[in-house]
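The values are calculated or read from the model by the stated rules, or taken from the named source; none is laboratory data. In this text, all values refer to a predicted model and were calculated from it rather than measured experimentally. We place every Cβ from the backbone using ideal geometry, glycine too, and count neighbours over all the protein chains shown. Protein only, heavy atoms only, side chains kept; ligands, DNA and RNA dropped before computing areas. Shrake-Rupley method; radii C 1.70, N 1.55, O 1.52, S 1.80 Å.
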Amino acid sequence: MTLAASNQLSTRRAEFLGGAKATIPMIVGAMPFGIIFGALAITNGLSPVAAQALSLLVFAGSSQFVGVGLVASGASLPVIWLTTFVVNVRHALYSTSLAPYVKHLPQRWVLPLAFWLTDETFLIVIKHYEDPSQSPYKHYYYFGSAISMYLNWQLCTLIGIVFGSAVPDPARWGLDFAMSATFIGM
């Protein structure tokens, strides 16, 4: 390996780890919500596989909470889709803000980064992109933040699924109010 290749690898690794490290406080804050989501999904009638699949394939906490509530209330699919779309329309603003920084990236980068975009990751990475340093590997910082949030959400959803399956009626503890209170606070 040449010195230049070694330096690029080192810089990419440093950016990735920097993004993951900067996201730790956000991960800690998101942990209860992943657990609550998993528990509520089970108590609202989703199977453990469906609840985990929702986290794996949707990965949008607020939409997942809203969607599970709508499923439990018997809402139609179009109502669920429209409501979750409206809840996540803020991501269009996030994407518009990040577009100038990622437009040079190939699709193999842009698509997963777009999928993994969350409120928390946006807050972390936009500050990094606005920093005047000239690193050509800032997308690794984004990737480090995004994958950390994604893995955290999956693990916490799984913990919530186990909890929701083991504890009768965890909703009686008022867990369904936690997400609403957070969005009111935001």
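Phi angles across the stretch 44-58 convert, under the Karplus curve 6.51 cos²θ - 1.76 cosθ + 1.60 with θ = phi - 60°, into 3J(HN,Hα) values of 9, x, 6, 6, x, 5, 5, 5, 5, 4, 4, 5, 5, 9, 9 Hz, Gly and Pro given as x.
Solvent-accessible surface of protein heavy atoms, probed at 1.4 angstrom with all chains present, puts 35, 159, 42 in the order 159, 35, 42, largest first.
Taking the 1.4 Å solvent-accessible surface of the stretch 1-96 as the whole, the part contributed by carbon and sulfur is 75%. Paramagnetic label reach from residue 21 (point 7 Å along Cα→Cβ; backbone nitrogen cut-off under 20 Å): within the stretch 81-125, residues 121-125. Per-residue packing, averaged as other Cβ atoms within 10 Å, sorts the ranges 61-73, 128-140 into the order 61-73, 128-140, beginning with the highest.
Working from label points 7 Å from Cα in the Cα-to-Cβ sense, the residue 127 to residue 47 distance is 4.3 nm.
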